[in-house]
Amino acid sequence: MKLHKSAFPGWRILVRHVLFAVLGGLFVMPAYADAGRERLSLDRGWLFHLGDVPFHVPATQDETYYATKAGMASGAAAVKFDDTAWRKLDLPHDWQVEQPFDPKANMAQGFRPRGIGWYRRYIALPESDRGRHVELEFGAIATHATVWVNGNLVNHNWSGYNEVRIDITPYLHYGDRHANVIAVRVDADAMEGWWYEGAGMYRHTWLVKTDAVHVVPDGVRVTPREVAAGNWEIPATVTLDNDGKQEARVDVEMVVTGPDGKQVARRSTSIAVPVLTQVTASLPMAIRRPARWSLDRTTLYHVTTTVRRDGKVVDRLALDTGFRTLRFDAAKGFFLNGEHVKLQGVCLHQDHAGVGVAVPTSIWAFRLRRLKELGVNAIRFSHNAIASEVLDLADRMGFLVMAENRNFNPSPDYMKQFEWMLKRDRHHPSVILWSVFNEEPVQATEAGYEMARRMVAVAKALDGTRPTTAAMSNGLLTPLNVSHAVDVVGANYQIPEYDKFHAARPDKPFTSSEDTSAFMTRGEFATDKARHIETSYDTEAPAWGNTHRDAWQAIGTRDFVAGGFVWTGFDYHGESWPYASWPSVSSFFGIMDLNGFPKTAYYMHQVQWIKDRPLIYIAPHWNWAGKEGQEIVVRVMSNAERVKLLLNGREIGEQKVDHYRMNDFKVKYEPGKLDAIAYTGGKEVARTSVETTGPAVALELVPDRGMLNGDGDDAMPITVRALDAQGRAVPIANDEVTFETAGAGKSIGHGNGDPNSHEDEKGRTRRLFNGLAQLLVQSNWASSGSIEVDASAPGLRAAHLTIPVRAAAPVAYVPAGAPPVDDKP
Ligand code: GAL
């Protein structure tokens, strides 16, 4: 094995150290440096190797003896390992989305190989960090991960969805000559799901530095509850630890401030923190008439926890919470702050076109905005914990969240995963339900009941302010099943069982936890099984599911059903039902496609779910050359009372709106213009039209937002479409577009919503699919100026777009150090 010393002459390393020290000094701006706590991004400067690296098999007695000692890990986990040829990259990173599609790879995971990969990163810590407490915080790693620090194995993690928090203090070296090595082996052949799971370190990573006396990870418990009308309490606790060599007495203070910045509650207490021992301080607080958090007014309160030792601040952290009441009524459904809310929900997986599961937070904000516009008020993050940044968005944007546990297993290792989710997420006002599982074969057995009972007990102990549920796919009416262990029964599909269940158990709150699973290909209006295409008229659903209209009709007409969660809000990679076979590589279930472009289902649900403004839509498009004189079903979707349809100014018909089925008109095709008009109370309230377009002559790039922040994280989707000579978008254009990006950012991927497309999601070209494609661009780190995007296609006028990039304070980060200079620190 080549050692670093031979690969890097000392002077080169020194130059790198000086450079990193200078850059580090410039850019590291710790948020809580004054208060002892720093949370620094570790995302930049990793080295990556795709494939496994064998561990060294010792041969002699001596070699074996030493190989088994602390700090002596071999292979790519070793401190000294030649990683100079490894690829340099920044996190979040999903290597699966970079792989070519392969008919021999697993279908459920999207026909792409996953495999094993390694990451390494160097960090240098200044002498002044000696005596502090240092933790690694990895948002999540797909899927099985092993972590070493300086050759010590410090963590095995067996879930691709939970955070990895590791106290690495005892293994660290300080000073410029002794960089520390983090090595992570990721086994993504392991699967926890039957959908696309991605591969690698796909969420954000942090290095947390605190005082020796510090609050432990997720150690602040804030779960507000109303004890009497207008009287709220937060039975807050703070758990501390002490790496120091002497017991410390500290003052712990918690301050709650309202949205106006005014303090509404304050509590402090003094507690002794013995050496290397966790202790929990209690700080119950009472609050009178706080402003409520609701779907339209997402009022958040700020909770700051401060730890002082001899008057000096040694730790400080903050989180947001909100005040709202929840109630599931067995007869009337769900109530938020005493007001009835029907759950208009969607289930979501966590990937997006072009980026796989490494989805920037700003792209999540885009996705949630699309859902808000659709009228969605509830999200089930199925079937796993989501990134904490996404829950912050749900709090701020106003969604009700079913937080779901991945692995149904009350044994200690797995219970830790559930406990972690409860502790991390219990302060979020958006979270209304803890789901212990999705569709488990033991759900209708005594074993399932006993397992669920244990997990529910943990949810009550760690939170107790929210009901528990389980997403059951059968066995609801068997004598002993999981529905007896949870507060709210969640039914996946099984619409014919709804009434039977309610009749048998009229006192048990009930919701659909998953429904629909209907199939649509965006922009297609005829099913063609040979070509793996599904019509968008909402007529295709699997044996276990229902069309969008049937499912919502069943849910919307039953008061005892708290609401529904459509499978799914967006298409996702993998699980390509109804075909579940090559060449289909992503799902057909979405209300929107993999990019967030609407299918017909989007308009159908929007007119059902949005009541405060008049809406009207027409499907399909009106480009049917060759079908002149043939009958075409035109679906008009509206939330008004009546709708009228006209073709080229001639009335086709007028109908009373059917809010569950929608309104279909049979129209003999002739090119031109369809107009649809919505009436309420006899007055026109909305209108829309679709027109036959000419052939595409030009490309257009439509940015989602006006500018990006130059922080290296901010990203946005750009819609790519083709226009005819009159500037109308051509819904049947399928041109292949070539992209160029330059300046203060880059392309991070693209998609077009075709579940059968095998185009490289990271390449320079992408075909329009039924008129649309999407390019994702992201700013460069510490950049400003603009991103210049060019799109061209043979025979079409090219498009150019300038996206301004404004200088933004970059996230404080840990400079990527160089390999250690000294062999033996
Ligand atoms: C459900 C399952 C989902 C998805 C869906 C497809 O049974 O919970 O994860 O597989 O079927 O229809």
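Brief remarks on what is shown
- Of residues in segment 395-454 being of a type in the set (S, T, N, Q) and within 15 Å of the ligand (Cβ to nearest atom), the one farthest from the chain's Cα centre (by Cα): 443
- Qualifying residues in segment 575-625 (those that are in a strand (DSSP E or B) and out of contact with any Pro (no Cβ under 7 Å at 6 or more places or on another chain)) - the one nearest to the ligand (Cβ to nearest atom): 598
- Out of 80, 104, sole residue that is assigned to a loop (DSSP other than H, G, I, E, B), among the basic types (Lys, Arg) and modelled with pLDDT under 95: 80
- In the set (1) surrounded by fewer than 23 Cβ atoms within 10 Å (Cβ to Cβ); (2) within 16 Å of the ligand (Cβ to nearest atom); (3) of a type outside the set (Asp, Glu); (4) farther than 16 Å from residue 605 by Cα, the condition left unmet by residue 546 is number (4).
- Of residues in segment 334-346 being in contact with a Gly (Cβ under 7 Å, 6 or more places away or on another chain) and in contact (Cβ under 8 Å) with a residue 24 or more places away in the chain, the one surrounded by the fewest Cβ atoms within 10 Å (Cβ to Cβ): 342
- Residues (part of a strand (DSSP E or B) and either touching a helix residue (DSSP H, G or I) at 6+ places or on another chain (Cβ under 6 Å) or surrounded by 19 or more Cβ atoms within 10 Å (Cβ to Cβ) (or both)) located in segment 286-307: 293, 298, 301, 303, 305, 306, 307
- Count - residues of segment 481-493 that are without any contact (Cβ under 8 Å) to a residue 60 or more places away in the chain, away from the ligand (no atom under 16 Å from the Cβ) and not hydroxyl-bearing (Ser, Thr, Tyr): 4
- Answer residue from segment 524-543, given it is within 28 Å of the chain's Cα centre (by Cα) and within 16 Å of the ligand (Cβ to nearest atom) and is farthest from residue 662 (Cα to Cα) among those: 542
- Restricting 478, 468 to those that are closer than 21 Å to residue 335 by Cβ, away from the ligand (no atom under 16 Å from the Cβ) and not charged (D, E, K, R) reduces the list to 468.
- Residue check, residue 551 within 21 Å of residue 594 (Cα to Cα), in contact (Cβ under 8 Å) with a residue 24 or more places away in the chain and within 16 Å of the ligand (Cβ to nearest atom): no
- Residue among 525, 437 that alone is aromatic (Phe, Trp, Tyr) and out of contact with any Lys or Arg (no Cβ under 9 Å at 6 or more places or on another chain): 525
- Verdict on residue 401 being surrounded by 20 or more Cβ atoms within 10 Å (Cβ to Cβ), free of Cβ contacts under 8 Å to residues at least 60 places away in the same chain and either polar (S, T, N, Q) or under 30 Å from residue 748 (Cβ atoms) (or both): yes
The rows are residues; the columns are (1) touching a Pro at 6+ places or on another chain (Cβ under 8 Å); (2) crowded, with 17+ Cβ neighbours inside 10 Å; (3) touching a residue at least 40 places away in the same chain (Cβ under 8 Å).
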{"site": "668", "(1), (2), (3)": "no, no, no"}
{"site": "673", "(1), (2), (3)": "no, no, yes"}
{"site": "677", "(1), (2), (3)": "no, yes, yes"}
{"site": "692", "(1), (2), (3)": "yes, yes, yes"}
{"site": "720", "(1), (2), (3)": "no, yes, yes"}
{"site": "733", "(1), (2), (3)": "no, yes, no"}
{"site": "754", "(1), (2), (3)": "no, yes, yes"}
{"site": "761", "(1), (2), (3)": "no, yes, yes"}
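- Any strands (runs of 3 or more DSSP E) falling wholly within segment 320-376 and containing at least 3 residues that are over 24 Å from the mean Cα position of the chain (by Cα): 326-329, 333-336
- Applying the condition of being in contact with a helix residue (DSSP H, G or I) (Cβ under 7 Å, 6 or more places away or on another chain) and in contact (Cβ under 8 Å) with a residue 60 or more places away in the chain to segment 159-174 and asking which residue is nearest to the ligand (Cβ to nearest atom) yields 159.
- Among residues of segment 108-162, those that are over 30 Å from residue 755 (Cβ atoms), among the aromatic types (Phe, Trp, Tyr) and crowded, with 18+ Cβ neighbours inside 10 Å, counted: 5
- Test: residue 277 is at pLDDT 95 or above, in a loop (DSSP other than H, G, I, E, B), over 30 Å from the mean Cα position of the chain (by Cα) and β-branched (Val, Ile, Thr): yes
- Qualifying residue in segment 501-508 (condition: within 21 Å of residue 607 (Cβ to Cβ), among the hydrophobic types (A, V, I, L, M, F, W, C) and without any contact (Cβ under 8 Å) to a residue 60 or more places away in the chain): no
- Every test in (1) farther than 29 Å from residue 579 by Cα; (2) among the charged types (D, E, K, R); (3) touching a helix residue (DSSP H, G or I) at 6+ places or on another chain (Cβ under 6 Å) is passed by residue 487 save one, and that test is (3).
- Counting only strands (runs of 3 or more DSSP E) that sit completely within segment 702-793, those holding 2 or more residues that are more than 27 Å from the chain's Cα centre (by Cα) correspond to 715-723, 736-743, 785-792.
- Hey, residue 475 within 25 Å of residue 226 (Cα to Cα), surrounded by fewer than 23 Cβ atoms within 10 Å (Cβ to Cβ) and out of contact with any Phe, Trp or Tyr (no Cβ under 9 Å at 6 or more places or on another chain) or not: no
- For segment 497-523, a residue qualifies if it is surrounded by fewer than 18 Cβ atoms within 10 Å (Cβ to Cβ) and within 16 Å of the ligand (Cβ to nearest atom), and exactly one does: 497.
The values are calculated or read from the model by the stated rules, or taken from the named source; none is laboratory data. Model, not experiment: these values are computed from the prediction. Cβ coordinates were reconstructed from backbone atoms using ideal geometry, including for glycine residues, and neighbour counts include every protein chain displayed.
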